[in-house]
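Notes follow the structure.
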Amino acid sequence: MANDRLNPELADAYRWLPVFPYFNRATIPLGRFLYNMGSKTKAEFGATVDEYNIGPLLLRVFRPIAPALEGGVLWIHGGGFIAGTTEQVNEVASRFARWLRVPIVTVEYRWAPENPYPAALDDVHAAWQWMLDAEDIDSTRMAILGQSGGGGLAAALVNRIHDEGGQQPVAQVLHYPMLDDRTAADRSLDKETFEIWNNRCNKVAWNAYLHPAKAGDAYVSEYAAPARREELSGLPPTWIGVGTYDLFSEETRTYADRLIDAGVPCETMYVDGAPHVFEIMAPEWKTSGLFLERTRAFLKRHLASGETAKVA
């Protein structure tokens, strides 16, 4: 039976893809293994890759071979807080380094449940601090981008940087971000079908990340779940994109609307019938190309301007 919520142009790309087997905390290692093994990519020509260590953390920096412009992007990979490596963004990070002609920095942040919140946030914060001190990166022209769980971390990092003061990012980009633990606590969503990442996976991941708290608890830190943040004014210009057939679609739209209401310049792209990580699963689809092109144009414009948000 055809899925009438799935864009028909994506039917082949998602035909044989199962949801990751995050049935409970005990199956996280299996799901992580399958995810990490299946998501590795190769760097494209036009960029070099260097590795650096910050204590136990590994940073991978993609630098354009062509003469570089000033600035840089911290690119935070996805994985629902419980999986993922920088190797999954080899292709896209090297491509953006070439397109933008700036270094793209990725970080192997720690996973839950072994390292629950705030471990991953502390790790991406350490990567941001490393970029501020890097000799070949203009600290006044830095942006932050995150995908899925990495999008949640990106939003949380931007909020934390805002509250700490000091040098602010010129922009943030959130690709189908994992922002709100309350989605995982909504049992009515358990019966709905979503490609790759459903609400069962979502609950397991959020509970692992928030431990000992649980998804939907009365108090969850806004730095753990950015959708919990009440005051969004003063944040940097934002680009948000998500498919309409994605578990995170509603929370992403809500966050974007709240940013706009708070006076934050916010560009959005909502892709009809597209599931989670559609531009990765269907890279040849014309809308996948448009999704990345609009991201590129947004970043290029704001990296060039060097105008950071004012801290409210």
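Brief remarks on what is shown
- Hey, Ile137 modelled with pLDDT under 95 and on the phi < 0 side of the Ramachandran plot or not: yes
- Where a residue in the stretch 45-67 is in contact (Cβ under 8 Å) with a residue 12 or more places away in the chain and its partner, wherever it lies, is of a type in the set (Ser, Thr, Tyr), with Cβ under 6 Å and at least six apart: Ala47/Ser94; Leu59/Tyr52; Arg60/Thr86; Arg60/Thr106; Phe62/Ser94; Arg63/Thr48
- Some residue of the stretch 195-213 being of a type in the set (Val, Ile, Thr), surrounded by fewer than 22 Cβ atoms within 10 Å (Cβ to Cβ), touching a residue at least 40 places away in the same chain (Cβ under 8 Å) and under 30 Å from Asn24 (Cβ atoms): yes
- Selection status of Ala185, surrounded by fewer than 19 Cβ atoms within 10 Å (Cβ to Cβ), farther than 29 Å from His302 by Cβ and aliphatic (A, V, I, L, M): yes
- Residue match in the stretch 12-33 (condition: hydroxyl-bearing (Ser, Thr, Tyr), in contact with a Cys (Cβ under 6 Å, 6 or more places away or on another chain) and in a loop (DSSP other than H, G, I, E, B)): yes
- For the stretch 11-29, the set of residues classified as under 22 Å from the mean Cα position of the chain (by Cα) and either at pLDDT 90 or above or loosely packed, with under 10 Cβ neighbours inside 10 Å (or both) consists of Ala13, Tyr14, Pro18, Tyr22, Ile28, Pro29, listed by residue number.
- Extreme residue, farthest from the chain's Cα centre (by Cα), among residues of the stretch 218-250 that are without any contact (Cβ under 8 Å) to a residue 12 or more places away in the chain and closer than 20 Å to Pro116 by Cβ: Ala218
- Checked against the criteria, Arg294 does not count as part of a helix (DSSP H, G or I) and more than 30 Å from Ala68 (Cβ to Cβ).
- Filtering the stretch 230-258 to residues that are part of a helix (DSSP H, G or I), of a type outside the set (Val, Ile, Thr) and closer than 15 Å to Gly146 by Cβ leaves Glu251, Tyr255, Ala256.
- Residue in the stretch 131-175 that is surrounded by the most Cβ atoms within 10 Å (Cβ to Cβ), counting only those that are without any contact (Cβ under 8 Å) to a residue 24 or more places away in the chain and either among the basic types (Lys, Arg) or in a helix (DSSP H, G or I) (or both): Asp163
- If only residues of the stretch 176-196 that are in a loop (DSSP other than H, G, I, E, B), at pLDDT below 95 and not hydroxyl-bearing (Ser, Thr, Tyr) are counted, the one that is nearest to Gly146 (Cα to Cα) is Ile196.
- Test: residue in the stretch 82-100 that is surrounded by fewer than 24 Cβ atoms within 10 Å (Cβ to Cβ), within 19 Å of Val173 (Cα to Cα), among the hydroxyl-bearing types (Ser, Thr, Tyr) and without any contact (Cβ under 8 Å) to a residue 40 or more places away in the chain: yes
- Subset of the stretch 267-289 (residues that are in a helix (DSSP H, G or I) and either within 30 Å of Ala184 (Cβ to Cβ) or in contact (Cβ under 8 Å) with a residue 40 or more places away in the chain (or both)): Phe278, Glu279, Ile280, Met281, Thr287, Ser288
- Checking Val311, Val264 one by one, the residue that is part of a loop (DSSP other than H, G, I, E, B), modelled with pLDDT of 95 or more and among the aliphatic types (A, V, I, L, M) is Val264 and no other.
- Residues being more than 16 Å from the chain's Cα centre (by Cα), buried (at least 21 other Cβ atoms within 10 Å of the Cβ) and more than 14 Å from Ala171 (Cβ to Cβ) are entirely absent from the stretch 251-262.
The values are calculated or read from the model by the stated rules, or taken from the named source; none is laboratory data. Quick caveat: nothing in here was measured; it's all calculated off a predicted structure. Cβ coordinates were reconstructed from backbone atoms using ideal geometry, including for glycine residues, and neighbour counts include every protein chain displayed.
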